[in-house]
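Engineer: One structure, as structure tokens, below. Some questions next.
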Amino acid sequence: MDMAPGIPRNCQCGAASTVLTSTTSRDPGRKFYRCGAISGPNHLFKWVDEAHLEEFDILASRQAMMLNDLAEIKQDIVDLKNDMREIIGVIELIRTKL
Ligand SMILES: [Zn+2]
């Protein structure tokens, strides 16, 4: 089953995901996401620890993009303030000539 990275909210069948705990001898106590409706090869199964690592990478990437956006917005504000000072200067120059 092909699934998006990160924490799965839903199975591709549309059912909400649910968290269960493995009782197998290979992964005892390990939590996993599973389709909340049906257990099977075409339905969601994903280890919680792996999903959380993927989610962390997604969030770290989003944070980096947001920090970049914030730096651009700060520069835009500086540019707008400079434009406003220039416009105010022109208006004051016009007033002195009236
Ligand atoms: Zn399903």
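The values are calculated or read from the model by the stated rules, or taken from the named source; none is laboratory data. Keep in mind that what you see is a predicted model, and the values were worked out from it rather than measured. Virtual Cβ from ideal backbone geometry, glycine too; neighbours counted across all protein chains shown. In case anyone asks, the SASA skips ligands and DNA or RNA and just uses the protein heavy atoms, side chains included. Shrake-Rupley method; radii C 1.70, N 1.55, O 1.52, S 1.80 Å.
Engineer: Starting from residues that are without any contact (Cβ under 8 Å) to a residue 40 or more places away in the chain and either among the hydroxyl-bearing types (Ser, Thr, Tyr) or within 16 Å of the ligand (Cβ to nearest atom) (or both), keep the ones in segment 34-79 and report whichever is farthest from residue 10 (Cα to Cα). If you could, list the steps in order and put the result at the bottom.
Structural biologist: Looking only at segment 34-79, we keep the residues that are without any contact (Cβ under 8 Å) to a residue 40 or more places away in the chain, and these are 34-40, 47-50, 53, 56, 59-79.
Of the ones still in play, those that are also either among the hydroxyl-bearing types (Ser, Thr, Tyr) or within 16 Å of the ligand (Cβ to nearest atom) (or both) are 34-40, 61.
Details: 34: 9, 35: 7, 36: 8, 37: 10, 38: 12, 39: 13, 40: 15, 61: 22 Å.
Of everything passing the filter in segment 34-79, 61 is farthest from residue 10 (Cα to Cα).
Engineer: Could you figure out which of (1) loosely packed, with under 12 Cβ neighbours inside 10 Å; (2) within 16 Å of the ligand (Cβ to nearest atom) isn't true of residue 25?
Structural biologist: (2)
Engineer: Just name the residue that is farthest from the chain's Cα centre (by Cα) out of those in segment 1-12 that are open to solvent by 70 Å² or more (accessible area, probe 1.4 Å) and within 11 Å of the ligand (Cβ to nearest atom).
Structural biologist: 1
Engineer: Please count how many residues of segment 42-98 are modelled with pLDDT under 95 and in contact with a Pro (Cβ under 8 Å, 6 or more places away or on another chain).
Structural biologist: 0
Engineer: Only residues in segment 12-31 that are of a type outside the set (A, V, I, L, M) count as the first member; pair them with residues that are surrounded by fewer than 10 Cβ atoms within 10 Å (Cβ to Cβ), Cβ under 7 angstrom, at least 6 apart or cross-chain, and list the lot.
Structural biologist: Short answer, once both residue conditions are applied: 21/29; 22/28; 22/29.
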